[in-house]
1. For the stretch 243-289, rounded, prolate or oblate, judged on the Cα gyration tensor with a ≥ b ≥ c (square roots of eigenvalues), a/c < 1.5 rounded, else prolate if a/b > b/c?
2. How far apart, in nm, are two points set 7 Å out from the Cα along the Cα-to-Cβ line at Phe51 and at Glu73?
3. Kirkwood hydrodynamic radius of the stretch 166-288 from all distinct Cα pairs, in Å?
Amino acid sequence: MDSQRILIGISAVLAFLCLFLGLQLYQKGITIKSIKGDNATLTLERNQVIFDLEKLRFSYDTLSTENTLMLAEIADQRGRIDRLMTRVKNGNWELGKVKKEAETLRSIMKGYVVTIDSLNQLNLALIDENDQMRARVEAIQERNANLVERQQNMEEIIVAGQTLQTAEVKATGIRVLSNGRQRMTTRAARTSMIKVCFTLLENRIAEAGTKTLHLQVENANGAVLAGEQSAEFNSAGIPVSATREVDYNNDRVEACIFYIPKTPLPAGDYLIALLEGNESIGSAQLILN
């Protein structure tokens, strides 16, 4: 009887122990399952944070500007992102703090985007303004070039207008008789000199005063004949046959120049030209038989 009670008591104790141990195991299983769930959630959250940081890093990489100060700041922010990703991967940083700092970095990046966009708009405006300024400068330069060209043309016209003009240029052969009298001749053997008469026309813009006129007598071979009483070249180095100074007061003036050859003239055609400086102001032809 006593043995039976003892056996029943022992069985009851063993049943209680089994129930207690089973309950403990069940609770531990629930705790382990909860921990595993928390770890999985934490892993997913950490991976999401790393992914968000990588996207943020890529966004910083896409920022482009020529501002050196801003480039240095952007490089510094990229370094902060890299350090955050390293700490999250190593488990050395609280995800809450990482998310908060990532949000701060995202706000800074948005500020960079706005600033860069404003700078780009300003640069576009400056480029457009520079293009307009360049166009105005080119227009002014073109206008100035046109004015210079017009001034040069006017100066050329004035210079051309100041050049004397002649009319009624006539060349004749002259025979000087023994008594000094002069007679016209067309025979080369009897020609002592060539007389070239002309009229200087009225020119109100020419400078009045003494004008030095030169005569060129050119033979059929194109050679300018030297004169007996004249230098062979004028001050410009042009060959001449005779020279005369004429007093010119802007009105019509009738004058003649005489050419005395050094040697007898052969028969042929002679081209006569009147020069003022380097400019030809009249011409005539003379035929001596």
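All of the numbers you see were taken from the coordinates with simple rules; none came from a lab. For clarity, every value in this text was computed on a predicted model and none was experimentally measured. Don't worry about glycine lacking a Cβ; one is built from the backbone with ideal geometry, like all the others, and counts go over all protein chains shown.
1. Prolate is the answer for the stretch 243-289, as a/c is 1.5 or above and a/b outweighs b/c.
2. 3.1 nm
3. Evaluated over the stretch 166-288, this radius sits at 14.8 Å.
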